[in-house]
1. So if I place +1 on the C-beta of Lys and Arg and -1 on the C-beta of Asp and Glu, and nothing else carries charge, what would the dipole magnitude of the chain be about its Cα centre? I want it in debye, nearest 20.
2. Subtract the Cα-Cα distance of residue 39 and residue 106 from 0.36 nm times their separation in residues, and report this length gain in nm to one decimal.
3. Just for the Cα atoms in the range 55-123, what are the lengths along the principal axes, largest first, rounded to whole Å?
4. Go through the range 61-75 residue by residue and turn each phi into a ³J(HN,Hα) via Karplus (6.51, -1.76, 1.60, θ = phi - 60°); whole Hz please, and just put x for glycine and proline.
5. Which angle from 0 to 90°, rounded to the nearest 10, does the C-alpha axis of helix 39-57 make with the longest principal axis of the chain?
6. Considering amide H positions built from the backbone, and no H for Pro or chain starts, which residues 5 or more places from residue 92, or on another chain, come under 5 Å of its amide H?
7. Cut-off 10 angstrom, C-alpha nodes, Gaussian network model of the chain. Which of 17, 78, 28 fluctuates the most?
8. Could you check the spin-label model distance between residue 61 and residue 4? Points 7 Å from the Cα along Cα→Cβ, value in nm.
Amino acid sequence: MYVKSFRDLEVYKLAREVAKEIYLCTKEFPVSEKYSLTDQSRRSSRSVGAQIAEAWAKRRYEMHFISKLTDADAEQLETQHWIEVSLECQYLDSVKSDKLIKKCESIGKMIYKMIEKSSTFCK
């Protein structure tokens with residue numbers, strides 16, 4: 001299938017899914033975490049999809065495309081960090097944490113493949 005929009009990318013769809021799951025999980029976090037762990041987790045997870053969308057807009061310039069994808073990868077890694085902190089604080093159980101980490105790792109692998117094949121996206 002030919003991709004007409006960033007919305008068609010599986011990596012973008014998965015990033016949106018993770019952001020939604022993080023949002024739902026963090027709704028259960030203590031109020032004392034509202035401006036720290038909750039906010040940080042939501043921001044980094046939402047930024048993954050946003051960076052992928054921005055990368056799509058930068059396809060005219062391959063190095064800009066790669067740069068934005070690199071930013072998206074950094075955000076998914078930050079999200080993994082916050083998931084691990086949430087587990088350590090016992091705000092997430094290990095099953096949910098593992099599931100979210102695996103999805104983030106999948107996003108990272110997809111981003112890496114996009115970077116490797118950047119020229120096919122930037123024709």
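1. Values: 22 positive and 19 negative charges, 148 e Å.
Computed about the Cα centre, the dipole is about 720 debye.
2. Numbers: separation 67, 0.36 × 67 = 24.12 nm, distance 2.31 nm.
Additional length available on full extension: 21.8 nm.
3. 46, 14, 14
4. Residue by residue, the range 61-75 yields 10, 3, 5, 5, 4, 5, 4, 5, 5, 5, 5, 4, 5, 4, 5 Hz.
5. 10
6. Sorted by chain and number, the residues that satisfy this are 87.
7. 28
8. Computed distance between label sites residue 61 and residue 4 equals 2.8 nm.
Coordinate-derived values only; no laboratory data. Quick caveat: nothing in here was measured; it's all calculated off a predicted structure. Here Cβ is always computed from backbone atoms with ideal geometry, including for glycine, and neighbour counts include all displayed protein chains.
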